[in-house]
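The values are calculated or read from the model by the stated rules, or taken from the named source; none is laboratory data. Bear in mind that the values here come from a model prediction, so they are computed numbers and not experimental data. Backbone-built Cβ (ideal geometry, glycine too); neighbour counts: all protein chains shown. Heads up: the accessible areas ignore ligands, DNA and RNA and are worked out on the full protein's heavy atoms, side chains in. Shrake-Rupley method; radii C 1.70, N 1.55, O 1.52, S 1.80 Å.
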Amino acid sequence: VDGRRCSIPSRILKRGEVVTLKERAQKMALVQNSLAEPGRQVPPFLSFDADKMAVTFQQEPAREDVQLDVKETLIVEWYSRIA
């Protein structure tokens, strides 16, 4: 993140921060296959620079931007029971 190593997967990004992979990771087959996948779209809250292999965090995602089938009410109910 912004040229520094980050080992915290749950790190919260700030607007404008740039995430890059090390050169060794950029050459991994998993990464190359993922980038070559047809129809792959970048979410509207991110911008991707293919030349630098970098993603810039543009803004906080809106609920509509997250394409996961999540029922927030069930999550709230679960945590309200254990609190």
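Tabulated results
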item	result
Per residue value of the accessible surface for region 1-60 (all protein chains in place, 1.4 Å probe), Å²	86
For the chain: relative contact order, % (alpha-carbon pairs under 8 angstrom, 6 or more apart)	28
Mean Cβ neighbour count within 10 Å, used as a protection proxy, ranking 65-74, 25-34 highest first	25-34, 65-74
Bins of 10 Å, starting at 0 and running to the largest distance - Cα pair percent for the chain	13, 36, 33, 14, 3
Close Lys-Lys pairs in the chain, where close means Cα under 25 Å and separation is 8 or more or interchain	4
The chain, dipole about Cα centre (Lys/Arg Cβ +1, Asp/Glu Cβ -1), debye to the nearest 20	440
